[in-house]
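Structure first, then comments.
The values are calculated or read from the model by the stated rules, or taken from the named source; none is laboratory data. Just so it is clear, the model here is predicted, and its values are computed rather than measured. Cβ sites come from the backbone with ideal geometry, for glycine too, and all protein chains shown count toward neighbours. Surface areas here come from the heavy atoms of the whole protein model, side chains and all, with no ligands, DNA or RNA. Shrake-Rupley method; radii C 1.70, N 1.55, O 1.52, S 1.80 Å.
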Amino acid sequence: MHAQRLMAKLDAFLFCILLLFGASSARGASSVRIPQVTAPPTIEDFAAMDPTGNSAQLAKVADFIQQQPSDGKPATQRTDVYMGYDKANLYLVWVCWDTNPHAIRAHLTRREAVTPPDDDYVELTLDTFHDQRHGFLFDVNPRGVQADALWSEDSGSDYSFDTVWDSNSKLTDKGYVIWMSIPFRSIRFHPASEQVWGVTLMRYVAHNDEYDYWPRVSSRISGRLNQEGIIEGVRDVSPSRNMQFNPYGYLSSLHSLDDRDPVQPRFDNRDLQGKIGLDSKFVFHDSLLLDTTINPDFAQIESDQPQNTVNQRFEVFFPEKRPFFLENSNFFSDTNIGVYQTSKLLFTRRIIEPSFGARLTGKQGPWNLGFFVADDRSPGLLVPDHTLLSGTRAYFAVGRVSHDIGEQSSVGAIYVDREYNGDFNRVGGLDASIRLGKNWTSWFRSVVSSTYASSAIVNALNSSGSAGTSIAPPAIGYTFGQDHEGVLNGIGRRFSYELLYQDITANFHTDAGFVPRTDIRNVAQYYHFYWRPEGKHLTFYGPEFNTHDIWDHNGVGLQHAYSGDWVFYFRHNLLFAPIGGYEEDVLRPVDFSGLPNDHKYAQDIGGLVVQGSPSRLITWRTTIIRDGTVLVVVPAGKLPITGNENFIQHTMSVKPTGHLEIDNTYILDRVLNGAAHHAAFNNHIIRSQWNYQFTRALSLRAILQYNGLLANPAYSSLQTAKTFSSDFLITYLVHPGTAVYVGYNNNLENFIPNLCLPAAGQTMGCDPNPPNHVGLVRGNRLINDGRVFFVKVSYLFRR
């Protein structure tokens, strides 16, 4: 009864909010009634940029309107879109005129790599449930390269989604033509005699850095689908009985470093060995999707983009890249409606070595449903064979249900559970997303955690140095915690404001999520205001401000950071922004052993951001920051000090031909001991990724990366560490699910050849009681500590 009264009060409160602010923000929707065609249109029907033959019966959409750079003005380049359908497919033909066809940017690149400002492209967004919340995205560039994604008004585009559809293209002396055929079995929608779908059509003109929409999608209004048009006339269609089976076979040989036993590291060599696996999809009631995986493999996934992880007090976030865990993840995701990222209750990278997984997602009326289960063998694989935890596995279960309210508002509940060897971590609570008029949105979530950790498990995790995750083990016994978060976001043509509030207690714990810091009350604010002269060169300029104020639950100010910049944005994606700021951090004795009391560290910040894309050949961005930082990796017996930090990050993408793309990254992080004026460490990361696309299906990828941490033992506790990795992958991708991969990965690192110090009088083996080192010992030379050769073949069966 208490729960029922609570939900009744919540419903009444939300209803009043919606009445007060007005949830609807869309203008009268434009619509197009598309005909059923007797024969599919072809790209040859548009050889002269006008429809002929059977294509003359298609419905036409024209009169695109700019969103950027000149919101509300007619598009500078004419775009006509012709639409029709038959019993199996939806057809679109885009006729993209260009008064300067030689300036069109069109590269033959890998699937999903259709991105501004590198390429012109067109984009279809289909809101098949007509709920103004979720949609399917289909992108094609002038060379016919595809990208597809799921769209969510809360979290934006998710390009992990892959489905089977067809596209073709043709460059002409007047522009280009793109042909799309989207099978109804590749999307989901409610069963009905006539479908009513939301739609937006977008064209990106790269040489003008221009986004054109039909119907008009204004930057003066927050959101996209609330400004969508309507597709009518699609009758008697269905995804039909839709089942997909995607088996794969995998062969590999490897040489790897086994350091599970920190005192006895060794090399592990395995000859050619194989495994098989199966991914499956089942569609129920035209709108519910069940995904399953057995023995999944992700060998073809590229390595993480480099980040600085040295001298970091809190865990650094690396996004998920594995397709099974990414697809439809927006049903479980936390809000990302602005610049700040809230805590993640489900961070699937915690599931390191799954042997099975299942996910049910979809929509039934106003209900959005998401359920997920998986296991993780890593707790039993990342410890020595003879230990207590060897062979054990963890189990994950997640459920999220939300109910649509009004237009683009919803309330929901989430539950996340990780069970491991009798221990558990359970997190659950309520959330709501409420639209407050055409420019403002809000979100809040309130959850609690319940954790039980036995002393045997915690001690085993501590002694092995691994918990199967990168988070610290919880406290022994039962603990309970709370996490309350809210976001207020306002977006207009000139302004943007975001307010984030977090109240996370010290005992809040999540084994399945990503919450890098607890025992905080955090208030963060972002604001910008742009003047938009939209002249021949300067597009907009104005100030941006960012503030963070963090206290613990005893009222101690842990961080006060204030920064601002003045941004100038020019044509050709050229940006120039000087930065300045001030930051105070406080370390408590609980944060660093040996501190006698709370200690404050103050730093100034100055820097510059510059980026540009002056031609189709090159895109670059450079960030330079000079500031202070709290140096916590100090020698044993020393206390943290304020260091002087120089940080540089430079990225450059070069496309010297229509087939070759080279993406380069350089990161430098140099921290000086502020008192001694000597470097504590220099950290260099250099990465170069080359992709050559022979055809739309066949490609070669090479990634070379060097990490060099040069440590000064007099002023830091770090050791000099150097690694060089090289990854090569040949891909033949017929379509998503049907592919052949051949790969070779190699890694070099500066370890001594024997890996460890031998016992006195011995030349082999490791000293079980080393005097100064435990386990791996670094040297001056790079040795091979890992290599893998693999072949993977997969084939998609659809029924």
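Summary of computed values
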| quantity | calculated |
| --- | --- |
| Scope segment 489-515; condition surrounded by fewer than 19 Cβ atoms within 10 Å (Cβ to Cβ), among the hydrophobic types (A, V, I, L, M, F, W, C) and assigned to a strand (DSSP E or B); matching residues | PHE495, LEU499 |
| Selected residue (only one of THR651, THR657 is free of Cβ contacts under 8 Å to residues at least 24 places away in the same chain and within 30 Å of PRO142 (Cβ to Cβ)) | THR657 |
| Strands (runs of 3 or more DSSP E) enclosed by segment 177-244 - at least 3 residues per element that are within 21 Å of TYR530 (Cβ to Cβ), in contact (Cβ under 8 Å) with a residue 40 or more places away in the chain and in contact with a strand residue (DSSP E or B) (Cβ under 7 Å, 6 or more places away or on another chain) | 210-214 |
| Filtered residues of segment 551-579 (kept if more than 18 Å from ASP519 (Cα to Cα), modelled with pLDDT of 95 or more and open to solvent by 30 Å² or more (accessible area, probe 1.4 Å)) | TYR562, SER563, ASP565, TRP566, PHE568, PHE576, PRO578, ILE579 |
| Residues (part of a strand (DSSP E or B), farther than 14 Å from VAL177 by Cα and open to solvent by 10 Å² or more (accessible area, probe 1.4 Å)) located in segment 78-99 | ASN89 |
| Positions within segment 650-679 being open to solvent by 60 Å² or more (accessible area, probe 1.4 Å), modelled with pLDDT of 95 or more and farther than 29 Å from VAL145 by Cα, in sequence order | ARG670 |
| Hits in segment 191-209 (condition: open to solvent by 10 Å² or more (accessible area, probe 1.4 Å) and closer than 20 Å to THR79 by Cβ) | HIS207, ASN208, ASP209 |
| Output for segment 580-618, where each listed residue is open to solvent by 30 Å² or more (accessible area, probe 1.4 Å), among the polar types (S, T, N, Q) and closer than 30 Å to VAL114 by Cα | SER615 |
| Test: residue in segment 744-751 that is open to solvent by 70 Å² or more (accessible area, probe 1.4 Å) and in contact with a strand residue (DSSP E or B) (Cβ under 6 Å, 6 or more places away or on another chain) | yes |
| Selection status of SER446, hydroxyl-bearing (Ser, Thr, Tyr), farther than 30 Å from GLY277 by Cα and surrounded by fewer than 19 Cβ atoms within 10 Å (Cβ to Cβ) | yes |
| Members of segment 785-799 that are surrounded by fewer than 14 Cβ atoms within 10 Å (Cβ to Cβ) and either modelled with pLDDT of 85 or more or more than 27 Å from ASP279 (Cα to Cα) (or both) | PHE797 |
| Leading residue by the ranking (modelled with the highest pLDDT) among those in segment 117-140 that are closer than 15 Å to TRP214 by Cβ and charged (D, E, K, R) | GLU123 |
| Output for segment 680-700, where each listed residue is surrounded by fewer than 19 Cβ atoms within 10 Å (Cβ to Cβ) and aliphatic (A, V, I, L, M) | ILE686, ALA697, LEU698, LEU700 |
| When residues of segment 157-175 are limited to those that are open to solvent by 20 Å² or more (accessible area, probe 1.4 Å) and small (Gly, Ala, Ser), the one nearest to PHE46 (Cα to Cα) | SER169 |
| Selection count, segment 33-58, where residues are among the small types (Gly, Ala, Ser) and surrounded by 15 or more Cβ atoms within 10 Å (Cβ to Cβ) | 1 |
| Strands (runs of 3 or more DSSP E) completely within segment 516-591 that count 1 or more residues being touching a residue at least 40 places away in the same chain (Cβ under 8 Å) and more than 29 Å from the chain's Cα centre (by Cα) | 574-587 |
| Pairs where the first residue, in segment 723-734, is farther than 22 Å from ASN683 by Cα and assigned to a strand (DSSP E or B) and the second is hydroxyl-bearing (Ser, Thr, Tyr) and open to solvent by 70 Å² or more (accessible area, probe 1.4 Å), C-beta under 6 Å, 6+ apart | PHE728/TYR744 |
| Filter result for the condition that a residue is aliphatic (A, V, I, L, M) and modelled with pLDDT of 90 or more, over ILE301, ILE276 | ILE276 |
